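A.B. asks: Here it is: the structure, laid out below.
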Amino acid sequence: MSALLFLGTLLVLIAVGMPIAFALLFAGVALMLQLDQFDAQIVVQNAIGGADNFVLMAVPFFILAGEFMNAGGLSRRIVELAGAFVGHLRGGLGYVAIFAAVLLASLSGSAVADTAALAAILVPMMRQAGYDPARSCGLMAAGGIIAPVIPPSIGFLLFGVVANLSITRLFLAGIVPGVMMGGSLVLAWWWVSRKSSMQLAPRQSMAERLRLMGKGFWALMLPVIIIGGLKFGIFTPTEAAVVAAAYALFVGAVVYRELKPATIYHCLLVTARTTAVVLLLAALAMVASYMITIADIPGQVGGWLQLLGDSPLVLMAAMMVVIFLAGMVLDFIPIVLIFTPVFLPIVQQAGIDPVYFGVIFIINCSLGMITPPVGVVLNVVSSVGKVSMAQAVRGVLPFLLAEGAVLLLLVLFPQLVTVPAAWWR
């Protein structure tokens, strides 16, 4: 009964247009009233506790690092470097987009920022070279959602905070699945572009490749610094976010000299606005999370899921279907904040590695960003790439299927996540 009350209240409030943060708050209050435990002090204490978390300090700094990288020329140099090595192949600009997306994912952690940067740079070039605009925009969107999977990842940060898990372990466990997503896009792009009549770019000389590698050296060093620092315990994920922002500011302003005072101010303003939304969601979701625990909603949901059988594989598959369907109507961050406290106790009781669950959970949430009707990344790419939403949906379909196949493989073969994650420790 409590689970139905919470879900029903949440969905009704979202349907009438209430912001998701406040819908979560009132769904939690509804549970309090049902259990006759309403106390305004508990609401306020949990809301403050939800935002007052040291790990969450990493969120604004990773967002700021992404803004500095896009405005400071790091993203553009990554694209140029990828073009020098694979741009001459048939459909070469598509491969450039994929490799650039993987590299940018290791710099930013924001799917929206990466997609906007890639689409702004590459879609006009692809349109001029005779590429299908819808297919090009679909590829940009599918490449952009790798960002929440490869560290640094804002999604892993939020999941780790809610689930009380090691952020570093989550970061390192996401590397191989993120690369697999990129590999699936390479195969899908090869399939859709193998017979297309696109202009072929000239092959770059080795001297030109080395020159562009030299220009992109400073940008390429950031993922090395972040992942190396986490691996060897030099800094925590929160400190890594500060390092990333400071490094991107230094490179953009001093080395590349493209970050001007007015641009820096704009980056700070965008970061403040985005951070306010994320932290308000995190704060008010903690009220819902507290009441979810008090009302034993995980136990109720677990009882429903047990009707499907006692197999961990079946349990994981069922949860992934629920999350995928939720991703079609909810944004990335609300899904993480709503479903993590519900599913994590069930996962732990079933003996499933919570870090493994976190990785495929975040991948599934990322897929929701390119599935209609909400599809926030699809909206971004259709706006930047100047195509209709219907065209973007058509263009992204083969790449959504490819990344969905990766998710299915990870559900069927958990070792694809757990073995590399153990090696990284």
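Only the coordinates and a few stated rules stand behind these numbers; no lab work does. If you're wondering where the values come from, they're calculated on a predicted model, not measured in any experiment. Cβ: placed from backbone, ideal geometry, glycine included. Neighbour counts: every protein chain shown.
A.B. asks: Could you sort 113-121, 254-262 so that the peptide with the highest average Cβ count within 10 Å comes first and the rest follow in order?
C.D. replies: The peptides rank, most packed first, as 113-121, 254-262.
A.B. asks: Per the Kirkwood definition applied to all pairs of different Cα atoms, how many angstroms is the hydrodynamic radius of the stretch 18-69?
C.D. replies: When all Cα pairs of the stretch 18-69 are included, the Kirkwood radius is 13.2 Å.
A.B. asks: List the relative contact order of the chain as a percent without decimals, with contacts defined as Cα pairs under 8 Å and 6+ residues apart.
C.D. replies: Once divided by the residue count of the chain, the mean separation gives 27 percent.
A.B. asks: Report the net charge of residues surrounding Leu410, where surrounding means a beta-carbon distance below 15 angstrom and charges are Lys +1, Arg +1, Asp -1, Glu -1.
C.D. replies: Residues close to Leu410 contribute a combined charge of -2.
A.B. asks: So, one more: Suppose we take every Cα in the stretch 16-152 and form the convex hull; what volume per residue is that in Å³?
C.D. replies: So the per-residue hull volume is 145 Å³.
A.B. asks: At 25 °C and a viscosity of 0.890 mPa s, what translational diffusion coefficient does Stokes-Einstein give for the stretch 332-395, taking Rh as the Kirkwood radius over Cα pairs? Give it in µm²/s as a whole number.
C.D. replies: 185 µm²/s
A.B. asks: Whole-Hz ³J(HN,Hα) for each residue in the stretch 68-81, computed from phi via Karplus 6.51 cos²θ - 1.76 cosθ + 1.60 with θ = phi - 60°, x for glycine and proline: what do you get?
C.D. replies: Result, ordered by residue: 4, 5, 5, 7, x, x, 5, 5, 5, 5, 5, 5, 4, 5 Hz.
A.B. asks: Listed highest first by mean packing, meaning other Cβ atoms within 10 Å per residue, what order do 16-25, 29-38 come in?
C.D. replies: The densest-packed peptide leads the list: 16-25, 29-38.
A.B. asks: Another question, then. Taking other Cβ within 10 Å of each residue's Cβ, how do Ser106, Ser366 sort, fewest first?
C.D. replies: Ser106, Ser366
A.B. asks: Hey, another quick one. Across the stretch 288-425, what fraction of all alpha-carbon pairs, as a whole percent, falls in each successive 10 Å bin from zero upward?
C.D. replies: 11, 37, 32, 16, 3
A.B. asks: Give me the net charge of Pro148's neighbourhood, meaning all other residues with Cβ under 15 Å from the Cβ of Pro148; Lys, Arg count +1, Asp, Glu -1.
C.D. replies: Overall, the nearby charge balance is -3.
A.B. asks: Turning to a different aspect of this structure: Taking only DSSP H segments of four or more residues, each worth -39500 (n - 2.57), what value at 222 nm results for the chain once the sum is divided by all its residues, to the nearest 500 deg cm²/dmol?
C.D. replies: Taken over the chain, the calculation gives -24500 deg cm²/dmol.
A.B. asks: Now a separate question. Wrap a convex hull around the Cα atoms of the stretch 2-424, take a quarter of its surface area, and give that in square nanometres.
C.D. replies: 20.4 nm²
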